[in-house]
Amino acid sequence: MKHKLCVARLVRFAFASLVMVAPGAVAEDLEPRSYANTPVGINFLLLGYSDLDGNVTANPSIPLENAKLNIKTVVFAFARSLDVWGRSGKFDIVVPEARLTGSALLAGEPREREVTGLIDPRLRFSVNLYGAPAMSLAEFPGYQQDVIIGASLAITAPLGQYDDSRLINLGNNRWSFKPELGISKRLGQVTLELSGAGTFYTDNDELLGDHVLSQDPIYQVQGHLIYAFSNGVWASLDATWFTGGSTSVDGVGNHDHQENTRYGCTLTLPLNRNHSLKLNASNGGHTRTGSEYDAVGIIWQYRFGGGL
């Protein structure tokens, strides 16, 4: 039992790190315009870069101090807009690769970790259930958004880098499923968005060899205030609140319930008809338990097909 308790306590440090290094697979996502209407048949190729710096403090009952991580991530993604029984929809796949460097004091002794590899890839399917009919590019100029209600399901697969002898990895060695429901309301040049989601996890049964890590769902509310300029530029203020996610190892709870907030901003700059850049930044507001980090990123997007 003492060994189980020790592993359970140590996993709090590990999981706080894992939450941070899996962008797109966790509740902290800040993604405006998820349910915007898009003409059917358009493809998107994306190449992105992000830099995350975090200061993770472990449970004071164990001798881990000054835990810090830096994660530099390159993201490759593809998306396609769809006609889903007359409603607009989208499918996307995101494949991130990252370099993680980190350090901490364990029982007063410095420990370091450096690893490069894949983060668990994400697949997502979304459909606008109301207010956004499927339209061709030729039909789209006549469309005016009012209220859109949409839903999505995101799935991450356990294909990222994972070493069962190490606490900190880029992959999580488990599946996750994130259903979401969102609403978007346009008021002139301003669009207001609100969404709610839950992320559900399977067990990781190879934690430090043969231990089993389980986690309760994380529930999230996310909001965006978006302003569209006349030249195609748009900017948003973003915020999210999430709660839940308590973990256990071999059935022993870690008392690490999360109730955290994050804030951010996004700016999209069209370069021409087919190319655009997106800049984003976010930081932690209130952090009860889990990861606390600052993040900045840039994404280049190329769109083609659908009559462009």
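The values are calculated or read from the model by the stated rules, or taken from the named source; none is laboratory data. Worth saying up front: this structure is predicted, and the values here are computed from it rather than measured. Cβ placement follows ideal geometry from the backbone for every residue including glycine, while neighbour counts extend to all protein chains displayed. Accessible surface areas use protein heavy atoms only, side chains included; no ligands, DNA or RNA. Shrake-Rupley method; radii C 1.70, N 1.55, O 1.52, S 1.80 Å.
Brief remarks follow.
- Per the conditions (1) within 28 Å of residue 247 (Cβ to Cβ); (2) surrounded by 19 or more Cβ atoms within 10 Å (Cβ to Cβ), the sole criterion not satisfied by residue 131 is (1).
- Restricting 88, 103 to residues that are modelled with pLDDT under 95 and either under 30 Å from residue 182 (Cβ atoms) or open to solvent by 40 Å² or more (accessible area, probe 1.4 Å) (or both) narrows the list to 103.
- Test: residue in the stretch 265-272 that is in a strand (DSSP E or B), touching an Asp or Glu at 6+ places or on another chain (Cβ under 8 Å), modelled with pLDDT of 95 or more and open to solvent by 30 Å² or more (accessible area, probe 1.4 Å): yes
- Test result for residue 187, of a type outside the set (Asp, Glu), over 23 Å from residue 90 (Cβ atoms) and surrounded by 16 or more Cβ atoms within 10 Å (Cβ to Cβ): no
- Number of the condition not met by residue 279 [criteria: (1) surrounded by fewer than 16 Cβ atoms within 10 Å (Cβ to Cβ); (2) under 19 Å from the mean Cα position of the chain (by Cα); (3) touching a residue at least 24 places away in the same chain (Cβ under 8 Å)]: (3)
- Near pairs, Cβ below 9 angstrom, 6+ apart or cross-chain, from the stretch 129-142 (in contact (Cβ under 8 Å) with a residue 40 or more places away in the chain and closer than 14 Å to residue 42 by Cβ) to any residue that is assigned to a loop (DSSP other than H, G, I, E, B) and open to solvent by 50 Å² or more (accessible area, probe 1.4 Å): 134/85; 136/307; 137/307; 137/308; 138/307
- Residue match in the stretch 199-215 (condition: surrounded by 15 or more Cβ atoms within 10 Å (Cβ to Cβ), in contact with a Cys (Cβ under 7 Å, 6 or more places away or on another chain), assigned to a strand (DSSP E or B) and touching a residue at least 60 places away in the same chain (Cβ under 8 Å)): no
- Hey, residue 219 closer than 21 Å to residue 153 by Cβ, open to solvent by 60 Å² or more (accessible area, probe 1.4 Å) and either out of contact with any Pro (no Cβ under 6 Å at 6 or more places or on another chain) or in contact (Cβ under 8 Å) with a residue 60 or more places away in the chain (or both) or not: yes
- Any hit, the stretch 47-67, residues being at pLDDT 90 or above and open to solvent by 40 Å² or more (accessible area, probe 1.4 Å): yes
- Contact annotation: residue pairs with Cβ atoms under 6 Å, 6 or more positions apart or on different chains, pairing a residue in the stretch 75-98 that is under 12 Å from residue 120 (Cβ atoms) with a partner that is charged (D, E, K, R), are 94/122.
- Search result, residues across the stretch 118-134 that are in contact with a Gly (Cβ under 9 Å, 6 or more places away or on another chain), part of a strand (DSSP E or B) and either over 15 Å from residue 87 (Cα atoms) or small (Gly, Ala, Ser) (or both): 118, 122, 124, 126
- Among the residues of the stretch 201-219, the one identified as of a type in the set (S, T, N, Q) and modelled with pLDDT of 95 or more is 202.
- Matching residues in the stretch 164-181 - criterion: being charged (D, E, K, R), in a loop (DSSP other than H, G, I, E, B) and open to solvent by less than 50 Å² (accessible area, probe 1.4 Å): 174
- Within the stretch 140-156, being open to solvent by less than 60 Å² (accessible area, probe 1.4 Å) and in a loop (DSSP other than H, G, I, E, B) holds for 143, 145.
- None of 159, 137 is assigned to a loop (DSSP other than H, G, I, E, B), modelled with pLDDT of 95 or more and among the aliphatic types (A, V, I, L, M) except 159.
- Checking 305, 245, 232 one by one, the residue that is touching a helix residue (DSSP H, G or I) at 6+ places or on another chain (Cβ under 9 Å) and on the phi > 0 side of the Ramachandran plot is 245 and no other.
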